[in-house]
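Comments concern the structure below.
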Amino acid sequence: MSLAAQDKMRYASYAPPEFGVRVDEARCKACHLCVRQCSLGALAFRERVTPRDASCVGCLRCVAVCPTGAITVAQNPWPLKPNESWPEWAVRGIWGQASSGAKILTGCGNDKPYPILWDHLVLDAAQVTNPPIDPLREPMELRTYLGRKPERLVPGQVLQPQLQLEVPVMFAAMSYGAVSLNVHRALAMAAREMGTFMNAGEGGLHRDLGPYGEHIIVQCASGRFGVDPDYLRAAAAVEIKIGQGAKPGTGGHLPGEKVTPDIAATRMIPVGTDAISPAPHHDIYSIEDLRQLIYAIKEAVDYQKPVGVKIAAVHNVAAIASGIVRAGADFITIDGFRGGTGAAPLAVRDHLGIPLEVALAAVDRRLREEGIRHQVSLVASGGIRCSADVLKAIALGADAVDIGTAALVALGCRLCQKCYTGRCSWGITTQDPELVSRLDPEAAVRRLTNLLRAWSLEIKEMLGAMGINAIESLRGNRDRLRGLGLDPLTLEILGVQPAGK
């Protein structure tokens, strides 16, 4: 049974449709466009356009393509009596699992109403003794470098390999299989145009992306999909994936129905077989084991490329990061529990891990206390939504950030959280050729580059307002942050003073 069919079955018993589709017959011209465009069968044509509310996931594709604006989609009111102890999501989940006996799958990032600490941090502005800088008239430096730095520079010294970023924002790891090849093409082209990097994720590197290798980071995950010496040498850097913020402590699973011949060739697995990444790396059970893999990869690339490690934000993340630095990693990606995913058990996505903000601050502080902060670069990932989040992450200790969901939203993602079905109406998280063709890589590149250019302008504006003319001067500079509405313990963990003090 397909994932889409399982999903329909899971919610068929008792639970009313979450969304209602309404068609204004006076406006509808019976062009059938909405029916053809709906990839989940929520619209049919029987003398007129007929909604099938039970199949609607709220992707809004029909609303976007209707030439007469005849369609509206809205959430149906919850029919049961309000109960604070038993909200809609809990009752729907129980009904679905009682019907199917299966775990509930979901995509995208954590949507629970946990406090978002970025929204409780404000940036301090300069005024008189530290005057602001006008970014229209003064140069503002956004370039940064990722990689291990020496404790001090001496004449003639050769630095270890570095990644040069013209803007401190990269595209997060999303594998070919979880997203379409058109998405990968767009990310790679945008990364090259903007002088940054895209992470190809754990699904190998498609042959079409070879020309963009200087702006691609490849992953070596527990499943080792697509990993061979040529793969490692084709990219600008290699990242060992230990954990993912959306599902820490668990593995990955690309269903066999999504493993097309192209994906099979890229991942080096048989067509139609499930691509399962185990939760642990079966050759890594200690920091010493990790060090062995780091240096095996460095040996394979002739020590010409940085090698990083990606970990999920968990309670002992600072100690883990310290060990990773001593194991020889050149950069560490810290992925918070709001990070996106193509597929994860709902319970895992919503309840495992900790926020990026506290994990990042804890790691930066620990590495500084141990005197090894210069030996590694930190990349913050998981829930970065805007340019202000970027600056706040850098002030808490990051060298750069990754954006995944934000990049997909720029491409048209409506956050319907049904990525795992493989039926994305916007051509993003699907391998269906008809659906994939809906995303034009050239148009997608324009949207991604526009996003990064807009963020760059805002970052320069805010840096100038703080009296700072280089992004690296903000790294770990908690004096430029103030907490608003945060308890004393959280402020202490973040290393931030309360506003007004």
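Just so it is clear, none of the values below were taken in a lab; they were calculated from the coordinates. Computed from a predicted structure; not experimentally measured. Please note: Cβ atoms are built from the backbone with ideal geometry, for glycine as well, and neighbour counts cover all protein chains shown.
Between rounded, prolate and oblate, where does segment 94-223 land on the alpha carbon gyration tensor, with a ≥ b ≥ c its root eigenvalues, rounded for a/c under 1.5, else prolate if a/b exceeds b/c?
Details: a/c = 2.29, a/b = 1.37, b/c = 1.67.
It comes out oblate by the Cα gyration axes.
Once you wrap a convex hull around the alpha carbon atoms of the chain, what is its projected area averaged over all directions, in nm²? Write down the numbers at each step before the final one.
Details: hull surface 106.9 nm².
For the chain, the mean projected area of the Cα convex hull comes to 26.7 nm².
Among 344-357, 275-288, what's the highest-first ranking by average C-beta atoms within 10 angstrom per residue? Before the final figure, lay out the partial values.
On the way: 344-357: 21.2, 275-288: 14.3.
The peptides rank, most packed first, as 344-357, 275-288.
Read phi for every residue in segment 226-238 and hand back ³J(HN,Hα) as whole Hz from Karplus 6.51 cos²θ - 1.76 cosθ + 1.60, θ = phi - 60°, with x for Gly and Pro.
x, 7, 8, x, 5, 4, 5, 7, 6, 10, 7, 7, 10
At 0.36 nm per residue, and after removing the present C-alpha to C-alpha distance, how many nm does the segment from Glu47 to Lys112 gain when stretched out fully? Working shown, then result.
Values: separation 65, 0.36 × 65 = 23.40 nm, distance 4.17 nm.
Answer, rounded to one decimal: 19.2 nm.
Amide H to amide H under 5 Å from Val169: which residues, 5+ apart in sequence or cross-chain, H placed 1.01 Å off N in plane?
Under 5 Å from the amide H of Val169 lie the amide H atoms of Val401, each far enough along the sequence or on another chain.
Quote the Stokes-Einstein diffusion coefficient, in whole µm² s⁻¹, for segment 3-104, based on the Kirkwood radius over alpha carbon pairs, a temperature of 4 °C and a viscosity of 1.567 mPa s.
87 µm²/s
Within 10 Å of each residue's Cβ, count the other Cβ atoms and sort His206, His215, His374 from fewest upward.
Values: His206 19, His215 24, His374 14.
With the sparsest Cβ surroundings first, the list reads His374, His206, His215.
How much net charge surrounds Arg446 when only the other residues with a Cβ under 10 Å from the Cβ of Arg446 are counted, with Lys and Arg +1 and Asp and Glu -1? The partial results should precede the final answer.
Working: positive: Arg447; negative: Glu193, Asp440, Glu442.
Neighbourhood net charge equals -2.
When only DSSP loop residues count, what chymotrypsin sites (Phe, Trp or Tyr not before Pro) in segment 157-202 have their Cβ near at most 14 other Cβ atoms within 10 Å?
Numbers: sites: Phe171, Tyr176, Phe197; in loops: Phe197.
When the chymotrypsin sites (Phe, Trp or Tyr not before Pro) of segment 157-202 are filtered for loop state and at most 14 Cβ neighbours within 10 Å, nothing remains.
For each of Met174, Met140, Met194, count neighbouring Cβ atoms within 10 Å of the residue's Cβ, then give the residues from fewest to most. List each step's numbers first, then the result.
On the way: Met174 26, Met140 19, Met194 22.
By the 10 Å Cβ count, ascending: Met140, Met194, Met174.
Specify which residue in the list Ala347, His253, Cys56 is farthest towards the positive end of the charge dipole of the chain, using unit charges on the beta carbon of Lys, Arg (+1) and Asp, Glu (-1), about the Cα centre.
Cys56
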